[in-house]
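Read the figures in this text as sums done on the coordinates, not as results from a lab. None of these values were measured; they are calculated from a predicted model. So basically every Cβ, Gly included, is an ideal-geometry build from the backbone, and we count neighbours across all protein chains shown.
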Amino acid sequence: MVFDASEAMSRFGESHTTVVLWQRFEVSHREMFDSLWSAIEFVRNTAFRPSRVELHVHRGGHDVLIAGDELALLLAEHEEQKA
């Protein structure tokens, strides 16, 4: 299944989201947000320089993990929607 960033934004935009920032092999920072939108803004503007970033979108009793290429697509989609 191909990740659709636009669909993810419309589906999960208002969902509670935890940002997990990794440094090397351990979690260096966790931050919780009331929406995916806010979590993306944090990721875009953070002063941290993590080796890996994960978004854990809390939806329907489980977490949806967004990381790697999917996160890059989501960040690009967010930037496009802001323009």
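General remarks:
- Helix 36-45 and the longest principal axis of the Cα set of the chain meet at an angle near 50°.
- Taking only the Cα atoms of the chain, the ratio Rg/Rh comes out at 0.94, with Rh defined as the Kirkwood radius.
- Each residue, Glu14 and Gln81, gets one label point 7 Å from its Cα in the Cβ direction; the gap between the two is 1.3 nm.
- Each helix, a run of at least 4 DSSP H residues, gives -39500 (n - 2.57); summed and divided by the residues of the chain, these come to -12000 deg cm²/dmol at 222 nm.
- Ranked packing of 29-38, 58-67, most packed first, by mean Cβ within 10 Å: 29-38, 58-67
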